[in-house]
Amino acid sequence: MKDKKIANYVDHLIEWLHEERKLRNLDGFVVGLSGGVDSAVVSCLLAKADLKNSFAVMMPCHSNAEDLVDAKRVLDVCKLDHTTVDLSATHSTFYQTVGAANLQGKIANDARVIDGNVRARLRMVTLYAIAQARNALVVGTDNQVEWQLGYFTKYGDGGVDVIPLFHLMKDDVYDLACYLGVPNSVIDKKPSGGLWESQTDEGEIGLSYAEMNRALRGESVSEETSAIIKHWHDRSQHKREMPKVPKAFADF
């Protein structure tokens with residue numbers, strides 16, 4: 001029964017992707033492939049939806065070499081046309097130009113988080129340039145847990161055209177990964193944005209994905225878990241909103 005539901009939802013996502021592409025009168029799709037499970041699922045979805053006009057971009061940026069290995073394992077499965085754009089030198093030049101002192105922040109961890117966001121935004125600039133050249137949609141890889149907790153970079157991985165995994169909790173993403181044949185090395189690795197050395201999603205948020213899934217489904221969780229979820233959700237409200245505008249000039 002569960003497999004049938006997954007199969008039906010995959011069919012729905014494929015149809016939805018085509019509808020969104022046609023609505024915008026574009027030719028295909030571009031996705032950033034990181035070696036993580038979310039981007040692997042999206043890549044496999046795109047392959048099923050439109051193998052000919054889907055394109056994957058791997059964008060290491062002073063990254064763990066194993067992430068690129070896992071990304072290539074995903075490509076072995078989904079067969080997407082692809083390219084690798086190493087942003088390490090671009091990232092270094094950015095810091096030289098702006099000046100590391102201007103990117104320190106007020107507390108110890110600020111500089112690390114700012115740097116992670118810089119990497120995410122460099123990647124999105126790259127994806128949009130390639131998508132424009134290919135007359136394509138940029139496809140996001142965030143899931144419902146990341147969206148509700150604001151665990152994405154504003155105008156980085158959050159700045160996309162369509163988000164097919166938007167309604168999926170993390171365990172749902174893993175179900176789709178198994179169904180779509182994502183390699184076990186990707187499914188089994190600890191989720192990470194790869195934004196700094198040894199960074200993991202669960203370690204940074206302070207909760208396991210199992211706890212986050214339960215909380216966001218409205219199931220019973222501890223007060224501590226609820227407080228952490230509320231903290232992340234409230235502090236990231238601005239990420240889920242359109243830019244604010246004042247009253248119109250004509251109204252004065």
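Values in this text are rule-based calculations from the coordinates and carry no lab data. Owing to the predicted nature of the structure, the values given are computational and were not obtained by experimental measurement. Positions of Cβ are generated from backbone atoms using ideal geometry, with glycine treated the same way; all protein chains shown enter the neighbour counts.
Candidates Val173, Val182: the one that is in contact with a Ser or Thr (Cβ under 9 Å, 6 or more places away or on another chain), buried (at least 21 other Cβ atoms within 10 Å of the Cβ) and within 17 Å of Ala71 (Cβ to Cβ) is Val182. Restricting attention to the stretch 122-159 and to residues that are part of a helix (DSSP H, G or I), among the polar types (S, T, N, Q) and touching a residue at least 60 places away in the same chain (Cβ under 8 Å), the residue that is nearest to Lys52 (Cα to Cα) turns out to be Thr126. Are any of the residues in the stretch 162-174 touching a residue at least 12 places away in the same chain (Cβ under 8 Å) and on the phi > 0 side of the Ramachandran plot? Within the stretch 162-174 (the criterion being touching a residue at least 12 places away in the same chain (Cβ under 8 Å) and on the phi > 0 side of the Ramachandran plot), the answer is no, since none of the residues qualifies.
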